Amino acid sequence: MKEIFNGVFKEGNRIYTINKVPGKRVYNEKLFKKGGVEYRSWNPYRSKMAGAILKGLKKFPIKRDTKILYLGVASGTTASHFSDIATDGIIYGVEVAFKPMKNFVKLCQERKNMLPILADASKPESYDAIVEDIDFIYQDIAQKNQVEIFLKNMEKFDAKEGMIMVKARSIDISMPPNKVFDMVKRELKKYFEIKEAIKLAPYAKDHIAIYVS
Ligand SMILES: C[S@@+](CC[C@H](N)C(=O)[O-])C[C@H]1O[C@@H](n2cnc3c(N)ncnc32)[C@H](O)[C@@H]1O
C-alpha cells in the first residue's frame, strides 16, 4: 500500500482512503484491514475524482485541513472519501434534490466534518451565510449552465482552487465532446490558470476534470 497523495493510497490499480468510520460502508465499497488500519476502496466508476486520480492527476487539491465547498454532492459517495482525507477540514455539501440529500444528511450524522446544504448551486447567495473560508471548490453538476454555476461560486467564495467535472453532453448534445471541452477551457482561462485537464473515460464517458487556480 503506497500513499500517493495525502490520505490516498494505491495498491495495484486500485485506490483507497482510510475509513473515518471503521466498519461502515457508504456505497457498498470494499473494506479491508492492513496493519490495524481499515481502508475503503474508492471506485472510479462511481466517483469522478477517483477516475481523475487513476487517469494521472499530478497534484491533489485536498489536504488534512482543507475546507471544501462541494456542489452537486448527491448522496455523498465522493464526499465520503473527501471526509476520510480532510479529517481536520470541512466539506459543505450543496445538493438541490431532496432524495439524495436525505441520504447525505444521514451520512453527515456519522461524519462530523461534513455539513449538508439543501440549495440550488446557481444561487450561492442563498448559502453564503453558512459557508466560510473555502480553500477548494469541487463541482459535479450535469447541467447546461454548469460552467456559469462554477464561476459564480468561485467568485462568491473567493476560492484559491477549484475543480469542475464537465459533462459535455449536458452543455451541448449536438457538439462533439472535444469541442465542448475546448469551449469550456477557453471560458475558464479568462479567469483562472488551468493547472490540469484530464479526460475521464473509460470511468465517465464524455467527461473532463478541469483543475484551476
Ligand atoms: C452526477 S451527480 C453527483 C454525484 C456526486 N458528485 C458523487 O460523485 O458522489 C449530480 C448531482 O448534482 C445535483 N444538481 C443538479 N443541479 C444542481 C444545482 N443547480 N444545485 C445543486 N445540485 C444540483 C443533482 O441533483 C445530482 O445529485
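The values are calculated or read from the model by the stated rules, or taken from the named source; none is laboratory data. Just so it is clear, the model here is predicted, and its values are computed rather than measured. Heads up, the Cβs are rebuilt from the backbone with ideal geometry, glycines too, and the neighbour counts pull from every protein chain shown.
Brief remarks on what is shown
- Taking the criterion of being under 12 Å from the mean Cα position of the chain (by Cα) and assigned to a strand (DSSP E or B), the residues of region 15-70 that qualify are I68, L69, Y70.
- Counting only strands (runs of 3 or more DSSP E) wholly contained in region 90-141, no element carries 3 or more residues that are touching a Ser or Thr at 6+ places or on another chain (Cβ under 7 Å) and modelled with pLDDT of 95 or more.
- Only residues that are within 13 Å of the ligand (Cβ to nearest atom) and crowded, with 18+ Cβ neighbours inside 10 Å were counted in region 191-205, giving 3.
- Within region 124-134, restricting attention to residues that are surrounded by fewer than 20 Cβ atoms within 10 Å (Cβ to Cβ) and away from the ligand (no atom under 14 Å from the Cβ), the residue that is farthest from A50 (Cα to Cα) is A129.
- Selection count where residues are away from the ligand (no atom under 16 Å from the Cβ) and on the phi < 0 side of the Ramachandran plot, scope region 156-176: 8
- Failed item in (1) more than 14 Å from A142 (Cα to Cα); (2) surrounded by fewer than 16 Cβ atoms within 10 Å (Cβ to Cβ); (3) aliphatic (A, V, I, L, M), with L188 passing the rest: (2)
- Flag for I149 being surrounded by 14 or more Cβ atoms within 10 Å (Cβ to Cβ), touching a residue at least 40 places away in the same chain (Cβ under 8 Å), more than 10 Å from the ligand (Cβ to nearest atom) and aliphatic (A, V, I, L, M): no
- Among the residues listed as A121, A97, A142, the single one being under 16 Å from R46 (Cα atoms) and within 9 Å of the ligand (Cβ to nearest atom): A142
- Consider region 66-79 and keep the residues that are without any contact (Cβ under 8 Å) to a residue 60 or more places away in the chain and polar (S, T, N, Q). The one that is nearest to the ligand (Cβ to nearest atom) is T77.
- A count restricted to region 152-171 and to residues that are outside any strand (DSSP E or B) and crowded, with 19+ Cβ neighbours inside 10 Å stands at 6.
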